[in-house]
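> Next up is a structure, given as structure tokens.
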Amino acid sequence: MKKNMLTIVAIALSLMNLILTAVIMLSVVSSAKATNALVSNIASIIDLELENDTSKNKVSISDMDVVTFDKSLQINLKGSGDGKDHYAVIDQISLYLIKTEDDYKTISESMKNADTKSGYESTIDEIVSNQFSQYTKEEVQNNREAIKAAVLKAIQEKFGTQTMAEIAFKNLRLQ
């Protein structure tokens, strides 16, 4: 009789275990589905932002005009702790303008006009100097593209336009 009672208790406990396992699985699966949907939505939003950024920056070279500033620029760099003064030398700054932008004509004429070009050149020189002076010699060597992007963004913000598409530095030398 004791064996039958033990068998019945074991079967009852097994059934209770099976029922609790089913309840847990149902609750875990539903929350996992909700989490999966949330992660999928976030991933799709991130992908959309990346696609928008890359498509915005793709401008054909035929849709660009270049304005060059020939003044040589020497910039003191942030100290690297080696006791030496380091600086960057840029022989020429070229700014690429998008011809299809609404304010292209105004900005282009102002930058190319001999009377106002020096004002633009001074402003751009100051922005370039401020951006470069935040970095050490090693950081400039390793992060040239990031620095160019930061300079371009600062110029776009200063002039309040997206007409500037790219910036190039001729003969960037570090000493």
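The values are calculated or read from the model by the stated rules, or taken from the named source; none is laboratory data. Values in this document were obtained by computation on a predicted structure and should not be read as measured data. All Cβ positions, glycine included, derive from the backbone under ideal geometry; neighbour counts span all protein chains shown.
> How about segment 34-68: which of its residues are within 30 Å of S108 (Cα to Cα), modelled with pLDDT of 75 or more and of a type in the set (S, T, Y)?
S60, S62, T68 - these are the residues of segment 34-68 that are within 30 Å of S108 (Cα to Cα), modelled with pLDDT of 75 or more and of a type in the set (S, T, Y).
> Please enumerate the residues belonging to segment 140-166 that are closer than 14 Å to A88 by Cα and without any contact (Cβ under 8 Å) to a residue 12 or more places away in the chain.
N142, N143
> Mind telling me which of the residues K112, K117 ends up being closer than 30 Å to L174 by Cβ, modelled with pLDDT under 85 and assigned by TED's automatic domain parsing to the domain that holds D65?
K117
> Continuing with the same structure: What number goes with the only condition from (1) within 22 Å of S60 (Cβ to Cβ); (2) without any contact (Cβ under 8 Å) to a residue 24 or more places away in the chain that E126 does not pass?
Only one criterion is unmet by E126, namely (1).
> Regarding segment 91-98, can at least one residue be identified that is of a type in the set (D, E) and at pLDDT 85 or above?
So far as segment 91-98 goes, yes, one or more of its residues are of a type in the set (D, E) and at pLDDT 85 or above.
> I need the full set of residues from segment 79-104 which are surrounded by 12 or more Cβ atoms within 10 Å (Cβ to Cβ) and not in a strand (DSSP E or B), in order please.
Passing the criteria: G79, S80, H86, D91, K99, E101, D103, Y104.
> Just give me the residues in segment 139-161 being farther than 28 Å from T100 by Cα, surrounded by fewer than 18 Cβ atoms within 10 Å (Cβ to Cβ) and touching a strand residue (DSSP E or B) at 6+ places or on another chain (Cβ under 9 Å), in sequence order.
Residue satisfying the conditions is Q141 alone.
> Condition test on I167, is it at pLDDT 85 or above, assigned to a strand (DSSP E or B), touching a helix residue (DSSP H, G or I) at 6+ places or on another chain (Cβ under 8 Å) and of a type outside the set (K, R)?
Yes, satisfied.
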